[in-house]
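These notes are about the structure you will find just below.
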Amino acid sequence: MTMASLTESATVLTGMYAAEAEYLAAGGPGEASFDLLAPFFARNVELHQAAALPYGGTWRGHEGMARFFLRMGEVWESFDMVEQQFLATGATAVVLTQVHARARATGRELDFPIVQTITVQDGRITEVRPFYWDTRAIADACAVPTPTD
């Protein structure tokens with residue numbers, strides 16, 4: 001790992017999280033343009049979300065990332081990154097984020113951590129892999145109970 005990869009990764013991530021805050025402040029998914037975030041992601045970026053989540057699966061490219069953010073906006077009324085720690089920076093960075101979120105369907109609020117591995121190459125994010133402590137709690141908070149007869 002070179003000092004240049006450490007600096008590049010930290011710079012890209014800091015810029016992306018600042019752009020994400022600007023994106024959300026501008027109305028977020030469905031309101032703001034993904035163009036605010038696009039410069040930080042490679043054209044062939046891949047985001048791998050846990051299958052058990054309402055936005056689970058692999059999201060590819062800028063179009064996939066834009067659809068992912070739309071889906072997040074459908075699921076979450078708010079999704080605030082309360083605290084972030086960069087645990088490692090380099091070609092693959094590790095970021096610990098404390099989240100406070102409110103599910104749109106149920107109104108339930110959750111506080112939970114996410115650890116992400118984020119790969120940065122040539123000044124852009126090429127892969128994101130978030131890891132959740134309890135995907136069941138997140139999925140349950142977002143699910144509307146089925147009515148019983």
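The values are calculated or read from the model by the stated rules, or taken from the named source; none is laboratory data. Keep in mind it's a predicted model, so treat the numbers as computed, not measured. All Cβ positions, glycine included, derive from the backbone under ideal geometry; neighbour counts span all protein chains shown. Side chains are part of the model used for accessible areas, which takes the heavy atoms of the whole protein and leaves out ligands, DNA and RNA. Shrake-Rupley method; radii C 1.70, N 1.55, O 1.52, S 1.80 Å.
General observations
- Of all residues in segment 69-100, none satisfies the criterion of being modelled with pLDDT under 90 and in contact with a Cys (Cβ under 6 Å, 6 or more places away or on another chain).
- Some residue of segment 106-114 being under 19 Å from ALA50 (Cα atoms) and touching a helix residue (DSSP H, G or I) at 6+ places or on another chain (Cβ under 9 Å): yes
Results for (1) of a type in the set (Ser, Thr, Tyr); (2) in contact with a strand residue (DSSP E or B) (Cβ under 7 Å, 6 or more places away or on another chain), shown as yes or no for each residue.
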position: HIS48; (1), (2): no, yes
position: HIS62; (1), (2): no, yes
position: LEU70; (1), (2): no, no
position: THR92; (1), (2): yes, yes
position: LEU110; (1), (2): no, yes
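- Condition check for ALA88: in contact (Cβ under 8 Å) with a residue 24 or more places away in the chain and in contact with a strand residue (DSSP E or B) (Cβ under 7 Å, 6 or more places away or on another chain): no
- Candidate set from segment 122-145 (those that are within 17 Å of MET72 (Cα to Cα) and in contact with a helix residue (DSSP H, G or I) (Cβ under 8 Å, 6 or more places away or on another chain)); member that is most open to solvent (accessible area, probe 1.4 Å): TYR132
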